1. In the structure displayed, which of Lys107/Lys130; Lys5/Lys107; Lys68/Lys139; Lys215/Lys252 lie more than 23 Å apart, Cα to Cα?
2. Cut-off is 10 Å between beta-carbons; in what order do Val87, Val225, Val92 appear when sorted fewest neighbours first?
3. Once the Cα gyration tensor of the chain is found, what semi-axes does its equivalent ellipsoid get, as square roots of 5 times the eigenvalues, in whole Å, sorted largest first?
4. Nothing charged except the Cβ atoms of Lys and Arg (+1) and of Asp and Glu (-1): what's the magnitude of the dipole of the chain about its Cα centre? Round to the nearest 20 debye.
5. How would you classify the stretch 85-212 from its alpha-carbon gyration tensor, with a ≥ b ≥ c the square roots of the eigenvalues: rounded for a/c under 1.5, else prolate if a/b is greater than b/c, otherwise oblate?
6. What FRET efficiency would be calculated for the residue pair Ser50, Val242, taking the C-beta separation as r and a Förster radius of 41 Å, to the nearest 0.05?
7. Give, in whole angstrom and from largest to smallest, the semi-axes √(5λ) of the equivalent ellipsoid of the stretch 1-84, with λ running over the eigenvalues of the Cα gyration tensor.
8. In nanometres, what is the gap between the two model label sites at Glu162 and Tyr127, each 7 Å from Cα along Cα-to-Cβ?
Amino acid sequence: MSNIKKAFQNGKAFIPFITCGDPDLETTAKCVRAAVENGADLIELGIPFSDPTAEGPVIQGANIRALKGGVNTDKIFDFVRELRKDVSVPLVFMTYANVIYSYGAEKFISTCRDIGIDGLILPDIPYEEKEEFLPYCRKYGVDLVSFIAPTSENRIAMIAKEAEGFLYIVSSLGVTGARSEITTDLDKIVKVVRENTDIPCAIGFGISTPEQAQKMASVADGVIVGSAVVRILEEYGKDSAVHIGEYVKKMKDAVIG
């Protein structure tokens with residue numbers, strides 16, 4: 001069984017996103033541990049990239065801060081090795097194709113397996129182009145997480161049938177960032193997903209408040225929150241861990257109702 005499925009075994013999952021190295025990897029480690037201690041079921045770790053096309057200004061800022069601080073892929077791999085000594089929840093990397101290409105796809109994905117990364121989320125790889133990475137992911141047992149967007153429509157069933165780990169349902173069109181209102185007909189999307197797979201699905205993009213999290217959790221199996229977590233890092237810097245812990249607890253409580 002995919003290790004990612006463990007995140008969804010105890011009711012609704014809460015999944016925070018944290019950019020590695022913002023403001024430094026020591027702070028990232030403290031924030032990950034604080035999130036896990038306060039109920040995070042899976043952690044999405046962002047590998048910084050100079051041109052993060054799916055991200056709004058908040059996460060773009062985190063990428064810039066992390067890269068300025070000198071973080072790179074090898075340092076992040078070492079950081080995860082250390083993290084895995086006491087953090088057992090599923091971990092997935094969220095990054096962009098260029099990061100993997102420049103490192104070497106097989107070397108990158110085999111290292112993910114070696115250090116205990118359970119999945120990869122690549123927002124700039126369309127479903128139709130996943131074959132560039134999928135054989136390596138299958139070879140090394142790393143789930144390649146697929147996206148379903150409001151524009152997927154006729155492709156939802158096809159994407160769901162081949163899903164691995166969990167399905168990332170994008171709540172809204174556009175880039176990441178908190179939204180005051182989410183108007184997509186997510187019930188309809190999730191209904192098609194359920195008809196085609198038993199892989200869990202989590203909703204992300206635009207969720208920042210407990211009320212939104214509770215609403216999304218009533219539709220899907222989990223909730224992903226990125227920009228609201230990264231905004232805490234932007235505000236508190238090296239002192240963020242305690243604030244992220246408090247925020248995760250509040251969101252997890254809302255998700256499980």
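Any read-out appearing in this document is the output of simple, stated calculations on the displayed coordinates, not a laboratory observation. Everything numeric here is computed off the predicted structure, so don't read it as measured data. For neighbour counting, all protein chains shown are included, and Cβ atoms are generated from backbone atoms with ideal geometry for every residue, glycine included.
1. The answer is Lys5/Lys107; Lys68/Lys139.
2. Fewest-to-most Cβ neighbours within 10 Å comes out as Val87, Val92, Val225.
3. 24, 22, 17
4. 420 debye
5. Note, shape of the stretch 85-212 comes out prolate.
6. Given R0 = 41 Å and the Cβ-Cβ separation, E is 0.85.
7. Over the Cα atoms of the stretch 1-84, the ellipsoid semi-axes are 24, 15, 12 Å.
8. Placing both labels 7 Å along Cα→Cβ, they lie 0.9 nm apart.
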